[in-house]
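Written out below as structure tokens is the structure these notes cover.
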Ligand code: HEM
């Protein structure tokens with residue numbers, strides 16, 4: 001094969017790349033994807049490199065080292081590969097390899113290493129050699145084609161096209177012209193989701209405003225989403241449905257993403273280690289706060305159980321994490337939060353809402369509530385942190401603004417969900433006398449009337465099962481959202497880039513294949529023998545994957561301690577005529593009408 005025909009072949013190959021590139025630009029309207037596939041593309045590029053290098057360094061008129069046939073095969077493979085890729089008929093392996101930013105997660109350290117040490121240098125080497133050759137030949141059009149080729153990967157485009165041609169998930173269709181199915185969802189989210197999966201199946205498509213959204217509920221699908229983080233595609237938390245609530249939380253651990261999130265998580269997570277100060281002081285804090293609370297209760301009196309549990313959870317998180325006594329602020333903070341939450345929900349429902357700076361009555365109330373909350377947080381910051389307090393750690397590692405956001409986040413995330421979980425726990429125990437009986441028997445056996453300590457908790461398995469089963473039936477974190485950063489396929493259905501994935505623990509916790517008699521309160525489900533075979537992502541009370549709740553262990557221990565302390569002295573009775581409580585799915589999952597119960601003596605005391 002002559003030198004000029006070789007050059008012709010190479011330029012034709014790059015021209016094919018250029019066509020792909022332009023096609024990708026036209027299709028996606030933005031910079032096309034970077035190369036992501038390993039074997040086929042590397043082989044082809046290496047082949048082209050061989051030809052080009054030989055064209056440059058080989059003596060004029062000499063043959064390429066592969067021989068005529070080899071050179072021809074490489075050229076044909078190169079062109080055919082791209083043509084086939086354009087047509088989208090190739091099924092390629094996972095998205096990693098040359099040009100890919102490998103995932104920074106722990107399941108791919110070897111791949112990441114290969115990428116950094118081998119693939120990237122090869123890829124760079126190829127590009128530099130090609131560019132050098134083309135500069136030497138002073139071939140500007142070809143140079144531009146090479147640059148184009150460096151930023152486009154037809155293999156990836158092909159994969160995306162193939163995914164787009166996948167089956168579209170079924171769903172309700174229609175919806176509001178602007179808001180899509182948001183109004184129907186907001187009207188009764190739990191019913192909307194339950195009806196959706198029962199009518200349409202495991203993956204349900206609907207519209208959240210102008211965006212495509214997919215509701216999933218099978219543990220396998222949930223795992224696919226929650227364990228597939230960016231960078232390198234996957235599903236991110238870059239979804240902003242919180243409205244004004246998002247503004248209140250700022251850039252704390254719950255709302256931040258990417259590197260910012262990773263850094264914060266590294267700072268906060270150690271505070272929740274079982275041997276960390278916060279966990280060690282948890283038992284004493286809970287038992288003393290509960291004892292103080294119980295001192296106000298008289299057998300026969302009616303107690304606002306929901307209010308009491310919210311207050312308790314707030315004090316516990318404030319004291320254990322920040323060493324701050326927030327007693328006098330508990331009620332004010334609750335009121336402020338209720339206002340913020342109510343308005344956040346209204347804003348999500350409303351077609352148009354005025355910006356918060358417009359001085360309407362509602363906006364003023366909202367701003368007042370935020371100011372109250374921030375006032376309390378400034379108070380926390382101003383106090384010297386207790387021994388081993390998380391506050392000391394945070395103060396040394398972030399600026400004032402972030403510190404503020406972090407404390408708001410931890411106070412809210414750490415008390416809202418726990419308070420609601422504790423409320424549901426008392427409600428369920430009161431409705432199931434057999435459970436209450438087993439519980440008091442365990443407490444009597446293990447504690448014999450004394451106050452529980454952290455060391456007692458492993459010996460109170462039934463207490464733990466009651467807490468876990470409560471969180472199954474009424475998971476305060478009832479919904480979480482993710483954004484597809486790459487096109488994907490879930491359960492055989494296409495997921496477009498940018499689509500929102502809706503995951504609901506409330507729904508997954510009622511999947512009949514994983515939870516027989518899903519609506520029955522049965523703590524025994526969490527006995528070791530029965531949970532061993534269960535899918536890991538069938539239980540999502542604390543989420544899953546890297547964004548799993550940082551305070552899960554803390555919350556379960558807190559529930560166990562409250563249950564063990566109170567149940568030894570008091571029981572709660574529901575009025576016989578009381579209708580079943582309905583959950584109110586807002587940011588957390590409180591009982592719609594609160595919970596008031598009559599205080600009774602515990603069976604332990606009576607014996
Ligand atoms: C029963 C009580 C609790 C429940 C049901 C609960 C539930 C959850 C869930 C489901 C998530 C994951 C959200 C998602 O994937 O989008 C989460 C995240 C989080 N939770 Fe909890 N939580 C509880 C208690 C706590 C406590 C006590 C704290 C801290 C004191 C806490 C702090 C956080 C934080 C900071 C995150 C964000 C973690 C991250 O994104 O890295 N939670 N929680």
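Below are the figures for this structure:
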| item | result |
| --- | --- |
| Which numbered condition residue 469 fails, given (1) more than 21 Å from residue 169 (Cβ to Cβ); (2) surrounded by fewer than 19 Cβ atoms within 10 Å (Cβ to Cβ); (3) over 20 Å from the mean Cα position of the chain (by Cα) | (2) |
| Residue in the range 299-308 that is farther than 30 Å from residue 183 by Cα, touching a strand residue (DSSP E or B) at 6+ places or on another chain (Cβ under 7 Å) and surrounded by 15 or more Cβ atoms within 10 Å (Cβ to Cβ) present | yes |
| Condition met for residue 562 (within 16 Å of the ligand (Cβ to nearest atom), assigned by TED's automatic domain parsing to the domain that holds residue 278, assigned to a strand (DSSP E or B) and at pLDDT 95 or above) | no |
| Residue list for the range 247-269, restricted to those being more than 10 Å from the ligand (Cβ to nearest atom), out of contact with any helix residue (DSSP H, G or I) (no Cβ under 7 Å at 6 or more places or on another chain) and touching a residue at least 40 places away in the same chain (Cβ under 8 Å) | 247 |
| Test for residue 179: is it modelled with pLDDT of 80 or more and either out of contact with any strand residue (DSSP E or B) (no Cβ under 7 Å at 6 or more places or on another chain) or not assigned by TED's automatic domain parsing to the domain that holds residue 507 (or both) | yes |
| Failed item in (1) more than 21 Å from residue 452 (Cβ to Cβ); (2) modelled with pLDDT of 90 or more; (3) part of a helix (DSSP H, G or I), with residue 298 passing the rest | (3) |
| Flag if residue 331 is modelled with pLDDT under 95 and within 13 Å of the ligand (Cβ to nearest atom) | no |
| Selection count, the range 509-519, where residues are touching a residue at least 40 places away in the same chain (Cβ under 8 Å) and in contact with a helix residue (DSSP H, G or I) (Cβ under 6 Å, 6 or more places away or on another chain) | 1 |
| Meets criteria (modelled with pLDDT of 95 or more and surrounded by fewer than 22 Cβ atoms within 10 Å (Cβ to Cβ)) for residue 478 | no |
| Exclusive hit being outside any loop (DSSP other than H, G, I, E, B), within 16 Å of the ligand (Cβ to nearest atom) and touching a helix residue (DSSP H, G or I) at 6+ places or on another chain (Cβ under 6 Å), set 542, 554, 572 | 554 |
| Hits in the range 527-539 - residues which are away from the ligand (no atom under 12 Å from the Cβ) and part of a loop (DSSP other than H, G, I, E, B) | 527, 532, 533, 534, 535 |
| Wholly within the range 188-284, helices (runs of 4 or more DSSP H) carrying at least 2 residues that are at pLDDT 90 or above | 189-200, 219-226, 258-268 |
| Verdict on residue 298 being over 29 Å from residue 398 (Cα atoms) and more than 16 Å from the ligand (Cβ to nearest atom) | yes |
| Test: residue 438 is assigned to a helix (DSSP H, G or I), surrounded by fewer than 19 Cβ atoms within 10 Å (Cβ to Cβ) and modelled with pLDDT under 90 | no |
| Number of positions in the range 481-491 that are more than 11 Å from the ligand (Cβ to nearest atom) and part of a strand (DSSP E or B) | 5 |
| Any hit, the range 392-407, residues being farther than 29 Å from residue 262 by Cβ, without any contact (Cβ under 8 Å) to a residue 40 or more places away in the chain, in a helix (DSSP H, G or I) and over 24 Å from the mean Cα position of the chain (by Cα) | no |
| Some residue of the range 492-514 being away from the ligand (no atom under 16 Å from the Cβ), at pLDDT 95 or above and within 15 Å of residue 465 (Cβ to Cβ) | no |
| Residue 517 away from the ligand (no atom under 16 Å from the Cβ), in the same structural domain as residue 284 (by TED's automatic domain parsing), farther than 30 Å from residue 565 by Cα and more than 24 Å from the chain's Cα centre (by Cα) | yes |
| Filter result (assigned to a helix (DSSP H, G or I), within 11 Å of the ligand (Cβ to nearest atom) and over 26 Å from residue 275 (Cβ atoms)) within the range 452-480 | 470, 472 |
| Residue selected from the range 425-435 under the condition assigned to a helix (DSSP H, G or I) and touching a residue at least 12 places away in the same chain (Cβ under 8 Å), by the criterion nearest to the ligand (Cβ to nearest atom) | 425 |
| Candidates 410, 443, 391, 422, filtered to the one that is under 22 Å from residue 553 (Cα atoms), away from the ligand (no atom under 16 Å from the Cβ) and surrounded by 22 or more Cβ atoms within 10 Å (Cβ to Cβ) | 443 |
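The values are calculated or read from the model by the stated rules, or taken from the named source; none is laboratory data. Model, not experiment: these values are computed from the prediction. Don't worry about glycine lacking a Cβ; one is built from the backbone with ideal geometry, like all the others, and counts go over all protein chains shown.
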